[in-house]
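Just so you know, all these numbers are worked out from the coordinates, no wet-lab data involved. Here the structure is a predicted model, which means the values were calculated and not measured. Ideal geometry is used to build each Cβ from the backbone, glycine not excepted, and the neighbour counts take in all protein chains shown.
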Amino acid sequence: MARPQRMCVVCRAMKDKTELIRVVRGKDGQFALDPTGKMPGRGAYVCREGDCVSRLEKVKGLERAFKGSVPKEIKDNIKNLL
């Protein structure tokens, strides 16, 4: 059975869902990192590679995916995962 594929919002590469970091915005508008990949809400994915994480703010991938601003704490938490 094929594994689910998702696109990184920075490099636009398709990868296995388990290889990516998921950021989710819930119905209440709160952002969170989703280590399980099962939290309800709108999700966006970022590669676990240092290059994508370092370029995250420059290309504004999360802002584009969520059509709005994303708290700096979320971006800092992504950097801390590496």
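Between 46, 24, 59, where does the largest GNM mean-square fluctuation fall for the chain, given springs only between Cα atoms within less than 10 Å? Of 46, 24, 59, the most mobile in the Gaussian network model is 59. Full extension of the chain segment joining residue 59 with residue 18 gains 12.5 nm, where the gain is 0.36 nm per residue of separation less the Cα-Cα distance. Taking a Cβ cut-off of under 12 Å around residue 24, the surrounding Lys, Arg, Asp and Glu residues balance to a net charge of +3, with basic ones at +1 and acidic ones at -1.
Based on DSSP H runs of at least 4 residues, each adding -39500 (n - 2.57), what is the mean residue ellipticity at 222 nm of the chain after dividing by all its residues, to the nearest 500 deg cm²/dmol? Using -39500 (n - 2.57) per qualifying helix, the result is -9000 deg cm²/dmol.
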